[in-house]
Amino acid sequence: MASTQVNPTRMELTRQKKKLVTAAKGHKLLKDKRDELMRQFLDLVRENMELRRKVEEGILAANRNFVIAKAGMSEETLHTALMAPKQEVYLESSRKNVMSVDIPVFEYRTRTADENDIYSYGFAFTSGDLDDAVRSLADVLPDMLRLAETEKACQLMAAEIEKTRRRVNALEHVIIPQAQENIKYISMKLDENERSTQIRLMKVKDMMLEEAHHYKERQAALAAES
């Protein structure tokens, strides 16, 4: 039993009480952190599901338009049109801290601000379906980056939630009950020692009173003999 491994002293009792107070405060803070992480995690999961639906729909539309464009154009013309892209995209990555979890943040910028630079070909020999396909891919890019953010954030927050949950359980089911048991054990031992000390003092007092009584009797006997 864990309580028998502690020294039943008043100093140890004070230490265990401080430990219990600290553990209780830590337990409350970690529970609050776990609950807030869960709330934000569920919000991210809902956003992730919506973003995934939009991205899948956008990619499906782009693929459909590419298939239609390929059907209306020769393969050589299609490859030539897409061979030398005119626009360039630069991706920048940073992090933000959410409840002690570093969440990735992706931002992008284009080489030019002109939206028409996504079309790297002339319009004379290409179909409008190819324009729609390229536009669909360009429109879905921000959602794809945000989807990557939310999926990674969900993974990181799920790991942090599990770690926090284990800490809460350790405090709730191990550390706090152990400290309470130790306090109970030490208090019981100190009470027993105090009662034993009182009994010994009472016995010493009785012995001293008895000795004093016998001393008075001897003194009285000596006085009577003289």
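Scanning the stretch 80-104 for residues that are open to solvent by 100 Å² or more (accessible area, probe 1.4 Å) and not basic (Lys, Arg), which turns out nearest to the chain's Cα centre (by Cα)?
Looking at residues that are open to solvent by 100 Å² or more (accessible area, probe 1.4 Å) and not basic (Lys, Arg), I get Asn97.
Take the conditions open to solvent by 90 Å² or more (accessible area, probe 1.4 Å), among the hydrophobic types (A, V, I, L, M, F, W, C), in a helix (DSSP H, G or I) and more than 30 Å from Asn169 (Cβ to Cβ) and apply them to Val67. Does it pass?
Yes, satisfied.
Considering only residues of the stretch 24-37 that are open to solvent by less than 70 Å² (accessible area, probe 1.4 Å) and out of contact with any Ser or Thr (no Cβ under 8 Å at 6 or more places or on another chain), which is nearest to Arg135 (Cα to Cα)?
Taking the candidates together, the pick is Glu36.
Can you report the number of residues in the stretch 170-195 which are over 42 Å from the mean Cα position of the chain (by Cα) and either touching a residue at least 24 places away in the same chain (Cβ under 8 Å) or open to solvent by less than 50 Å² (accessible area, probe 1.4 Å) (or both)?
1
Determine which single condition Gln40 fails, assuming it passes every other condition in (1) within 26 Å of Thr150 (Cβ to Cβ); (2) surrounded by fewer than 12 Cβ atoms within 10 Å (Cβ to Cβ).
Unmet condition: (2).
Residue by residue through the stretch 149-169, note down the ones that are open to solvent by 40 Å² or more (accessible area, probe 1.4 Å) and of a type in the set (A, V, I, L, M).
Answer for the stretch 149-169, where residues must be open to solvent by 40 Å² or more (accessible area, probe 1.4 Å) and of a type in the set (A, V, I, L, M): Leu156, Ala158, Ala159.
Can you tell me which residue is nearest to Val98 (Cα to Cα) among those in the stretch 4-23 that are in a helix (DSSP H, G or I), open to solvent by 50 Å² or more (accessible area, probe 1.4 Å) and touching a residue at least 12 places away in the same chain (Cβ under 8 Å)?
Lys19
Consider Leu141 against the criteria (1) open to solvent by less than 40 Å² (accessible area, probe 1.4 Å); (2) under 30 Å from Glu75 (Cβ atoms); (3) of a type in the set (A, V, I, L, M): it satisfies all of them except one. Which criterion is unmet?
Condition not satisfied by Leu141: (1).
Name the residues in the stretch 13-58 that are closer than 30 Å to Tyr185 by Cβ and among the polar types (S, T, N, Q), would you?
Once the filter is applied, which keeps residues that are closer than 30 Å to Tyr185 by Cβ and among the polar types (S, T, N, Q), the stretch 13-58 yields Thr14, Gln16, Thr22.
Within the stretch 117-129, is even one residue in contact with a Phe, Trp or Tyr (Cβ under 7 Å, 6 or more places away or on another chain) and either surrounded by 11 or more Cβ atoms within 10 Å (Cβ to Cβ) or of a type in the set (Ser, Thr, Tyr) (or both)?
No, because not a single residue in the stretch 117-129 is in contact with a Phe, Trp or Tyr (Cβ under 7 Å, 6 or more places away or on another chain) and either surrounded by 11 or more Cβ atoms within 10 Å (Cβ to Cβ) or of a type in the set (Ser, Thr, Tyr) (or both).
The values are calculated or read from the model by the stated rules, or taken from the named source; none is laboratory data. Remember, it's a predicted structure, so these values are computed and weren't measured experimentally. FYI the Cβ positions are ideal-geometry reconstructions off the backbone, even for glycines, and counts take in every protein chain you see. Just the protein is used for accessible areas: all its heavy atoms, side chains included, with ligands, DNA and RNA removed. Shrake-Rupley method; radii C 1.70, N 1.55, O 1.52, S 1.80 Å.
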